[in-house]
Each structure stands twice: as C-alpha cells, then as structure tokens.
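Notes follow the structure.
The values are calculated or read from the model by the stated rules, or taken from the named source; none is laboratory data. Note that the coordinates shown come from a computational prediction; the quantities given were computed from them, not determined experimentally. When we count neighbours, we look across all protein chains shown, and the Cβ atoms used for this are built from the backbone with ideal geometry, even at glycine.
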Amino acid sequence: MTYNIALVKGDGIGPEIVDSAVRVLETIGARYGHSFKFKEWLAGGCAIDATGTPLPEETVEGCLTSDSVLLGAVGGPKWDGLPGNLRPEKALLGLRSAMGLYTNLRPAKLYLALKEECPLRSDIVAQGFDLMMVRELTGGIYFGERGRREGKYGPEAYDTETYSVLEIERIARAAFETARKRRRNVISIDKANVLETSRLWRETVHRVAEDYPDVTLSDMLVDNAAMQLVRRPSQFDVVLTSNMFGDILSDEASQITGSIGLLPSASLGATKRGLYEPIHGSAPDIAGMDRANPIATILSAAMMLRYAFDLSEEADAIESAVDAALNEGLRTADIVGASGIRPLGCREMTDAIITRL
Ligand code: IPM
Ligand code: MG
C-alpha cells in the first residue's frame, strides 16, 4: 500500500529531526512492504522568508490532500519581532485549525533506563509513571478574540477564552475513548473555582462521562495538577485538558521523563488524517549542529503508523527499537546527564535506532 505523507520540516532543528524520522519510515517501508511517499511543504519562519507568510495556502492544500502530516518545529529568534499574526507559530495554530485537529495526544512515560535523568526523588521515580495527556487543540484562549485597546490604566491588551459545549463534548469523548484503551481513568483539569469556561467544562465532561460508566472520572484544579505531576505522577492515566492548560502541563510532564526531546504527539480530528510532531520546539541554539535528539520525532512517526494507517506492528517495532537503544545506554546530549557517556549526534542516534528495528 502507498501512503502519501506531507513533510513540514519547519525551522531550527526541524529539518534534521524530520529527516531522521523519514529514514526510519523508509526502513520500515522496505521491511514490511509499504511505500511511503514524501512531499515537502513550507511553514513557519522558512515560509515567511520564502513567501512572506507563515502558512502559505498551498501548504494547507498539500496537507489536506495528504494521508498524514509529519511536522518538525517552527519558530526562532529571527522572527520574534514580527506581529502575532505573522509569527511562525501562527503556521502551527493555523494548520491545526484548518485540518480540524481538535484532539492532541501527548503520551509521557518514564523510561526505566532514563530514571537517572528524572529530576524527582527516587521514591517517586520508583513508582514510575505512564500518562496520556489529551489536550483540546483548536479552541480556548489560543484562538479567542484578542487585541489592544485603551483601558482604565491606559493602553492594555486582552485575550479571551471561549469554549462551546460541542468543543468540550468532542474532546471529552476522545479522552474517554483513549482511557478505554488504557487504565480506564480520566482526570479532567480545570480552574472551575474561578473561570466560567472551566465550570462549563466540568459540567459537560461529567455529562459525557455518563456514556462511559466503565471509566473513572475525577476533576483536578490546574494549579493542583501542576503540583501533583511532580508529587505523584503515577496517579495519572488520561489527563484531559483545555488548550492552554495542556500546553503548560505537557511541558512539565515531559521534563519528568528526563527530556522534552523524548515526547511525541499526535493531533487528530474527525478523519484519520492527522498531524504528528514532537512536543518540543525548534531549538535554534543547536540547529544544524547534529546535536538534536531525534527520538520525539521518530516516536511521532510511530504514532502516525498506529493512528493514521493502523500499522500497529510497525509502530511497535519503532518503539521497541527506541527502547533498545536507550536500554543499551545510547544517549543524545540532552540525556547524558552526569553519566559521562559520549553523546551521539542526531544522525548517529537515528542510525542506532534503525539498526535495532
Ligand atoms: C506546542 C507549542 C505550540 C502550542 C506553540 C508553538 C504554538 O508550544 O505544541 O506545545 O502552544 O501549541
Ligand atoms: Mg507547548
């Protein structure tokens, strides 16, 4: 079977890590008899430089007509001075929105081989953790009305958080369905003691929960969740969040795995076509130096095989190869810690994963 994959490499380390994932996919294709066809599209800072806009229309078209999208990262200091709607990040938000990708799955688990890299106390590390953040991705404050105006104290700015019942219902369903494939526990994050959107969130999530009597639901305030993630991460199975709360908590969750360079994500909508990307950014400080950790992007490609193409055996093979490389003590610069191990470059780590496929 032929799968058409749109590649959006983006900026900074984006091209290096996407190239790594492509090499892994090509090896899998040869091994299992699939043909992956890749086509590149511009988005982010590189698109601003080439076309004057962060998300060219043809990129949206190219992604919408592909079977799935693999993205690196966008942004960098070069474009930091631009107004909000012309920034590279706008490409990512615009693409998620144009593709209708309202569900963002961000798994975070502790690799035993990397427990030395976990900044938590050893008794907490000993309990391990394996959670799945289900983040709403096309609504909330990142997409609400915003602007500048004159206020009581002079010039002011505002951003607004809006959530409809429909948006909350569909992300809640995604979380409950995800929980059914895991440990059947959902913790829904909100700030219902202050925010009206959170009160609607809580009400709606509880109503949807009636359709999932086999899944346990509890609520947790976001400030408490930030604390519980470092206090006892093992209590979390599926973590259901709004767009902004998920953005913040997923970075926190990634750090307790040892490195943000390890965490993949899948952005899904109503169709099988999704967008797969590492949760980290473009790391301009190490761009082009062959120092990036390719694992988050390689694991994102594995998620693509699993979710977009139903190729779970192939996805398992990639995840096992990553496990094997880490278990054998192979490390990139972000995860060497104080071990004294010589870190592998992005290409070398990719080669090591490919030989373990
Ligand atoms: C992420 C990133 C993006 C987000 C930015 C770059 C727009 O932080 O994917 O977590 O906030 O969603
Ligand atoms: Mg983020």
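Observations, loosely collected:
- Verdict on Leu101 being of a type outside the set (D, E, K, R), in a loop (DSSP other than H, G, I, E, B) and within 16 Å of ligand 2 (Cβ to nearest atom): yes
- Screening the range 251-264 for residues that are surrounded by 23 or more Cβ atoms within 10 Å (Cβ to Cβ) and within 12 Å of ligand 1 (Cβ to nearest atom) and picking the one that is farthest from Met303 (Cα to Cα) gives Ala253.
- Considering the range 235-256, the residues that are among the polar types (S, T, N, Q) and within 15 Å of ligand 2 (Cβ to nearest atom) include one that is nearest to Leu137 (Cα to Cα), namely Asn243.
- Contact map, the range 339-357: first residue without any contact (Cβ under 8 Å) to a residue 24 or more places away in the chain, second residue not in a loop (DSSP other than H, G, I, E, B), Cβ cut-off under 6 Å, separation 6 or more or different chains; pairs are Leu344/Thr332.
- Test: Ala325 is under 23 Å from Gln255 (Cβ atoms), hydrophobic (A, V, I, L, M, F, W, C), in the same structural domain as Gly14 (by TED's automatic domain parsing) and surrounded by fewer than 14 Cβ atoms within 10 Å (Cβ to Cβ): no
- Residue among Leu112, Leu120, Leu93 that alone is within 24 Å of Phe143 (Cβ to Cβ) and either more than 16 Å from ligand 1 (Cβ to nearest atom) or touching a residue at least 24 places away in the same chain (Cβ under 8 Å) (or both): Leu93
- Of the residues making up the range 209-230, those that are among the aliphatic types (A, V, I, L, M), buried (at least 18 other Cβ atoms within 10 Å of the Cβ) and not in a helix (DSSP H, G or I) are Val215, Leu217, Met220.
- Residues in the range 92-121 that are hydroxyl-bearing (Ser, Thr, Tyr) and modelled with pLDDT of 95 or more: Ser97, Tyr102, Thr103.
- From Val60, Val74, residue being surrounded by fewer than 22 Cβ atoms within 10 Å (Cβ to Cβ), in contact with a helix residue (DSSP H, G or I) (Cβ under 6 Å, 6 or more places away or on another chain), within 28 Å of Ala270 (Cα to Cα) and not charged (D, E, K, R): Val60
- Cβ pairs under 9 Å, 6+ apart, first in the range 96-109 and charged (D, E, K, R), second surrounded by fewer than 17 Cβ atoms within 10 Å (Cβ to Cβ): Lys109/Gly128; Lys109/Asp130
- Selection count, the range 76-95, where residues are touching a strand residue (DSSP E or B) at 6+ places or on another chain (Cβ under 8 Å) and assigned to a loop (DSSP other than H, G, I, E, B): 1
- As a summary of the residue check, Asn85 satisfies the conditions (1) surrounded by 15 or more Cβ atoms within 10 Å (Cβ to Cβ); (2) out of contact with any helix residue (DSSP H, G or I) (no Cβ under 7 Å at 6 or more places or on another chain) except for the one numbered (1).
- Of residues in the range 133-179 being outside any helix (DSSP H, G or I) and of a type in the set (Asp, Glu), the one surrounded by the most Cβ atoms within 10 Å (Cβ to Cβ): Glu136
- Here Ser198 meets each of (1) at positive phi; (2) touching a Lys or Arg at 6+ places or on another chain (Cβ under 6 Å) with one exception, condition (1).
- Single match in Thr53, Thr27 (criterion: in a helix (DSSP H, G or I) and either assigned by TED's automatic domain parsing to the domain that holds Lys181 or on the phi < 0 side of the Ramachandran plot (or both)): Thr27
Per-residue answers, yes or no, for (1) more than 16 Å from ligand 2 (Cβ to nearest atom); (2) buried (at least 19 other Cβ atoms within 10 Å of the Cβ); (3) at pLDDT 95 or above:
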{"site": "Ala266", "(1), (2), (3)": "no, yes, yes"}
{"site": "Asp285", "(1), (2), (3)": "yes, no, yes"}
{"site": "Phe309", "(1), (2), (3)": "yes, no, yes"}
{"site": "Asp316", "(1), (2), (3)": "yes, no, yes"}
{"site": "Ala321", "(1), (2), (3)": "yes, yes, yes"}
{"site": "Thr332", "(1), (2), (3)": "yes, yes, yes"}
{"site": "Val336", "(1), (2), (3)": "yes, no, no"}
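- Number of the condition not met by Leu25 [criteria: (1) at pLDDT below 95; (2) surrounded by 22 or more Cβ atoms within 10 Å (Cβ to Cβ)]: (1)
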